[in-house]
Amino acid sequence: MKDILVEFKDCCDHPYKRVAELKSARNTKIIGILPMYFPEEIVHAAGAIPITLFGSDEPITLGDSHMMTNACDQVRSSFDSLLKGKYDFVDGIAAISVCDQVRFFMEIWQLDHQVPYFHQMWRPHKLDSTNRIYLVTELKRLISSLEAFTGKKITNDALHESIRVYNESRSMMRKLNKLRKEHPGVISASDFVRVIASSMLMQREDHNALLKQLLQQIEKATEPAGKKQKVVILGHPCAIPETKLLDLIEDNGLTIVDDDFFTGARYFAKDISTDGDPVEAFADFYMDSIPCTTIHYADNWTGGDKSCSPYADYGINLAKDVQAGGIIVLREMYCDPYDLEFIMMKERFEKESIPYLTIFTEHGPGPLEAVRTRIQAFEETLRFS
């Protein structure tokens with residue numbers, strides 16, 4: 001099991017080495033995807049390889065001269081990586097409009113660093129029946145642009161096959177998540193995040209084969225000795241959470257048994273239907289997505305006693321389902337959608353008497369000693385409550 005986990009870790013530590021070699025060996029096109037929610041299956045059906053472009057922990061030395069310094073870490077670090085040539089292997093770039101910062105990022109990218117293929121997909125932020133036709137139109141526009149770029153017709157059969165491959169991936173990830181819920185500590189939170197993130201950094205069929213081997217081995221593992229306080233961890237949209245921070249949490253009496261990371265449980269929460277028209281299936285997937293801070297819930301945000309947070313309810317239900325003692329929220333600096341939502345999240349947690357700890361994260365690991373003290377205090381609160 002350790003050997004496979006090391007392979008996933010190596011993929012995350014050197015995220016683009018493998019795919020650059022793959023591009024040369026298989027003579028295929030690589031489409032860089034900015035997180036989150038882009039329909040990777042459509043790129044896969046076009047015969048290209050979708051690779052998520054995360055930033056890095058390296059000091060930002062070039063990006064800040066092009067981007068506002070109050071942009072989120074994912075945007076600034078990703079653009080810094082672009083300027084340093086780390087994304088030179090990509091044949092194209094694509095993203096979906098999850099927030100204003102990604103939209104501005106794409107516009108700056110297009111002006112500063114043009115690539116052979118560039119596509120910005122617009123997703124309605126208010127997901128209701130009035131916007132469904134717009135979403136379907138955007139999905140069809142993406143298909144047409146990829147067909148023109150790759151010279152390959154994207155058939156319904158090809159889309160169904162790609163959906164099947166990705167659904168297989170999501171199914172195995174859910175199984176792995178179920179194992180860590182039932183056997184807390186059987187896989188560390190940092191290893192779990194690397195398993196999920198690495199799926200976005202390599203050919204999906206190759207990742208599925210590795211994940212299948214991991215599941216076969218981890219099912220034989222025994223639950224680690226000792227009892228720790230169970231927690232659910234939320235937040236940190238778009239980026240890969242700092243694994244040193246996750247290790248710090250679990251080294252101080254806590255066990256993360258579920259999460260809401262993009263490189264975690266959010267990524268594999270739901271499958272896409274393989275029945276009927278695949279474009280309509282993608283539309284259904286978006287329309288029925290799990291609560292997210294990037295979605296506008298107009299009917300819920302009416303003010304007064306009627307205001308509620310579907311995302312907060314979702315997080316609370318995660319904690320209740322696994323009987324977690326508390327919730328840890330990782331808040332990435334300058335993430336506007338999450339900051340706005342957190343006001344209502346905080347009210348809901350306090351109303352439900354759910355203990356929670358908020359940790360702000362910035363670029364790079366940063367000093368962790370002050371955070372360690374807060375985590376230890378939180379663990380004591382849960383232990384003696």
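Bear in mind these aren't lab numbers, they're just calculated from the coordinates by the rules spelled out. Computed from a prediction, not measured in an experiment: that's the story for all the values here. Ideal geometry is used to build each Cβ from the backbone, glycine not excepted, and the neighbour counts take in all protein chains shown.
Observations, loosely collected:
- Value of [θ]222 nm, deg cm²/dmol, for the chain, DSSP H segments ≥ 4, -39500 (n - 2.57) each, nearest 500: -15500 deg cm²/dmol
- Straight-distance crosslink candidates among lysines, where the alpha carbon sits under 16 Å from residue 230 and sequence neighbours closer than 8 are dropped: 178, 181, 320
- Annotation: aspartates and glutamates with alpha-carbon distance below 16 angstrom to residue 86 (same-chain offsets under eight excluded): 13, 21, 57, 58, 112.
- Peptide packing for 71-84, 244-257 was compared via the average number of neighbouring C-beta atoms within 10 Å per residue; ordered from the highest value, the list is 71-84, 244-257.
- The chain: most fluctuating residue of 293, 137, 263 per GNM, C-alpha cutoff 10 Å: 137
- Annotation for residue 152 and residue 21: the two label points, set 7 Å from Cα along the Cα-Cβ direction, are 2.2 nm apart.
- Short-range pairs are left out: with C-alpha atoms under 8 Å and at least six residues apart, the relative contact order of the stretch 1-141 is 20 percent.
- Top of 44, 119, 14 by mean-square fluctuation, Gaussian network on the chain, Cα under 10 Å: 14
- By average C-beta atoms within 10 angstrom, highest first, the peptides 110-117, 30-37: 30-37, 110-117
- Packing here is the average count of other Cβ atoms within 10 Å per residue, and on that basis the peptides 377-385, 230-238, 203-211, 86-94, highest first, run 230-238, 86-94, 203-211, 377-385.
- Checking every one of the GluC sites (Glu not before Pro) in the stretch 91-173 against DSSP loop status and a limit of 15 other Cβ atoms within 10 Å picks out no site at all.
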